[in-house]
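The values are calculated or read from the model by the stated rules, or taken from the named source; none is laboratory data. Predicted model, so just to flag it, every value in this text is computed and none were measured. Methodologically, a virtual Cβ is constructed for each residue, glycine included, from the backbone with ideal geometry; neighbour enumeration extends over all protein chains shown. Note: accessible area is taken over every heavy atom of the protein model, side chains too, but ligands, DNA and RNA are not part of it. Shrake-Rupley method; radii C 1.70, N 1.55, O 1.52, S 1.80 Å.
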Amino acid sequence: MKFVYKILLAAIIIMAAAFGLSGYLFVNSVFRTSLEREVSKALDDSNILRFAFETAALNIPTQYHVLQDIAVEQIGEKLESSGRESGRYLRLSNEGREVLYMSDGFPGDTELLQQITEETRIWQVVPHGEHYFVHTGSIINALDRMLYLETLEDVTEVFEERAQGFSVYRRITLAMLACCTAVMFFICTWLTKPIRLLAGATRKMAEGDYSYRARQVSHDELGQLTTDFNSMANALEGTIGELQEEVRAREDFIAAFAHELKTPLTAIIGYADLLRSRKLDEEKHFLSANYIYTEGKRLENMSFRLLDIIVTRRDTIERQPVAAKSLFEYLKSMFSGNTEQKIRIAFGAGTVCAESNLLKSVLLNLVDNACKASGEGDLVEVLGKRTEDSYTFCVRDHGVGIPREELKKVTEAFYMVDKSRSRSKNGAGLGLALCVEILRLHDSELVIESTLGKGTSIHFVIPDRTEEKEDGTGRDEGSVMEKAGESAAHGAALSKDEAEDEKRSGLTSGAQPHR
């Protein structure tokens, strides 16, 4: 059963019970008042008859010292004839409670007669046929005789009025219930409208329409419930959107990873098969082996980068004050052999609250990406500045730049703006993804500004934070992070060594991080 019908049924039951009880009490109250009035009238009439009987007995001739039975009958007939039109009946009995005179139609029951005493006047309502009567009893003292007087007053009209009152009230109650049911139906429909709208919105969302919202039609508790539901739906839609985006990113990650594995593996398998199946001269033999070596190193570097990303996503770090000078001196030593671009490093004195090895990996990747995006002889700037409660790093190049629509995607793993240029320099699109994860552990993020054809500027801010964990776990987690940073730095160092080896052999430069 629908909720609106449950409310309607409950209201009808309550109204029916209220109308029925109030009608019963009202009609019975009127009935009791009328009956009491008739009983009082019957008792008064009984007193009048008793007084009339005693007066008539005094008018009997004086030769009779005792009231004769015949005289009693005569007086009874006169009294009955005077009240015949009012439907009154009477009965007279002697001292032995034997009937001396009785009106026609008076019932023969003597139960009330046996209860009459001198101290009390007794009465009762008795049914007789289709009529109701007030039966009264009293004692008459006349001429040294004690007689019993009983009267019957017809009160059928009072009972008929009660029955008619119940009948009328039943009809009125039914009419009122019908009207109230119609009114309550509209009221219940109006009150439950927000619930129906919420139920409809829930069904829509269950069917996949997460943008559907319930319409607010009131400002009471149900209206507030609608507002809260819509807020929840907004949060749910946002969460589902994020999950869908995450699923899409994972699918893209898997597809890109499979593609990145395919290229070096194809080269390795092809040149290995060439070495296995043919006898080559010394130069071709060296070239084939060198291709196998460089592609193998690229796969190794890619695995290091993926490992770094996985580790940084799962752990926290122990941040310590690090001299900014040591970071920039590290960059100078790493890129001292770069003769293709002009690298200018300028920084302000100060300390950085960070995990030094991880931060070196970030700077190394950013500078390496800037060099790859720049042309021969272009300037690459590495800047550092101390502020009140943080240290700001900036890496700026004047190279090819990044299209505006690509800015949000460059930090995704395996994403490369120019895939042909990136692969020619052994890039895999993991550098910026690793930087994002490392900076997240430092409560920071990359801010990328780029103009196509004019260059790119990337900066980030490391806030000061010197508090250490008291439970001792920070040391272990910091060690894990340190290993991850060392792995990244080691991978970059290997790439530098490869580049120098390949320069000496006249081949393409080795694998280095690329955005």
Checklist entry - Inside segment 323-342, can you point out the residues that are over 23 Å from A433 (Cα atoms), buried (at least 16 other Cβ atoms within 10 Å of the Cβ) and modelled with pLDDT under 90? => result Q341
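Listed here are the residues, each with its yes/no results for (1) within 30 Å of L198 (Cβ to Cβ); (2) open to solvent by 70 Å² or more (accessible area, probe 1.4 Å); (3) out of contact with any Cys (no Cβ under 6 Å at 6 or more places or on another chain).
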site: A233; (1), (2), (3): yes, no, yes
site: P264; (1), (2), (3): no, no, yes
site: K279; (1), (2), (3): no, yes, yes
site: A289; (1), (2), (3): no, no, yes
site: Y293; (1), (2), (3): no, yes, yes
Checklist entry - Just checking, how many residues over segment 110-124 are open to solvent by less than 80 Å² (accessible area, probe 1.4 Å), of a type outside the set (A, V, I, L, M, F, W, C) and in contact (Cβ under 8 Å) with a residue 12 or more places away in the chain? => result 3
Checklist entry - Would you call L265 more than 22 Å from A433 (Cα to Cα) and either at pLDDT 80 or above or of a type outside the set (V, I, T) (or both)? => result yes
Checklist entry - Taking segment 206-231 as the search range and keeping residues that are in a helix (DSSP H, G or I) and either among the β-branched types (V, I, T) or farther than 21 Å from K193 by Cα (or both), which one is least open to solvent (accessible area, probe 1.4 Å)? => result T226
Next on the checklist: So, in segment 389-409, how many residues would count as being open to solvent by 40 Å² or more (accessible area, probe 1.4 Å) and outside any helix (DSSP H, G or I)?
Outcome noted: 7
Next on the checklist: Condition (residue is at pLDDT below 90, part of a helix (DSSP H, G or I) and touching a helix residue (DSSP H, G or I) at 6+ places or on another chain (Cβ under 7 Å)) applied to segment 369-388: is it met by at least one residue?
Outcome noted: yes
Item to check | Criterion violated by P127 - all others in (1) open to solvent by 60 Å² or more (accessible area, probe 1.4 Å); (2) assigned to a loop (DSSP other than H, G, I, E, B); (3) not hydroxyl-bearing (S, T, Y) satisfied | outcome: (2)
Checklist outcome for this item: Contact list, first residue from segment 154-168 and at negative phi, second anywhere and open to solvent by 60 Å² or more (accessible area, probe 1.4 Å), beta-carbon distance below 7 Å, six or more apart or interchain, is D154/H131; V155/Y132; T156/H131; T156/Y132; F159/Y132; G165/V30
Checklist entry - If you take the residues of segment 169-194 that are touching a Gly at 6+ places or on another chain (Cβ under 7 Å) and more than 17 Å from F3 (Cα to Cα), which of them is least open to solvent (accessible area, probe 1.4 Å)? => result T173
Item to check | Residue among S81, S29, S22 that is open to solvent by less than 80 Å² (accessible area, probe 1.4 Å), in a helix (DSSP H, G or I) and under 24 Å from G129 (Cβ atoms) | outcome: S81
Next on the checklist: Any residue that is over 30 Å from C188 (Cα atoms) and at pLDDT 80 or above - is there at least one of those in segment 247-258?
Outcome noted: yes
Next on the checklist: On the basis of being in contact with a strand residue (DSSP E or B) (Cβ under 8 Å, 6 or more places away or on another chain), assigned to a helix (DSSP H, G or I), on the phi < 0 side of the Ramachandran plot and not charged (D, E, K, R), does V39 make the cut?
Outcome noted: yes
Checklist outcome for this item: In the set L280, L287, L275, the lone residue that is of a type in the set (A, V, I, L, M, F, W, C), outside any helix (DSSP H, G or I), over 57 Å from the mean Cα position of the chain (by Cα) and modelled with pLDDT of 75 or more is L280
Next on the checklist: Every residue in segment 84-102 that is touching a residue at least 24 places away in the same chain (Cβ under 8 Å), open to solvent by less than 60 Å² (accessible area, probe 1.4 Å) and outside any strand (DSSP E or B), please.
Outcome noted: G87, N94
Item to check | Some residue of segment 139-147 being in a helix (DSSP H, G or I) and of a type in the set (A, V, I, L, M, F, W, C) | outcome: no
Next on the checklist: Restricting to segment 146-168, name every residue that is of a type outside the set (S, T, Y) and open to solvent by 30 Å² or more (accessible area, probe 1.4 Å).
Outcome noted: M146, D154, E157, F159, E160, E161, R162, A163, Q164, F166, V168
Checklist outcome for this item: Pairing a residue in segment 451-464 that is closer than 17 Å to G350 by Cα with any residue that is charged (D, E, K, R) and open to solvent by 10 Å² or more (accessible area, probe 1.4 Å), where Cβ atoms lie under 8 Å and the two sit 6 or more apart in sequence or on different chains, gives F460/E445; P463/D389; P463/D443; D464/D389
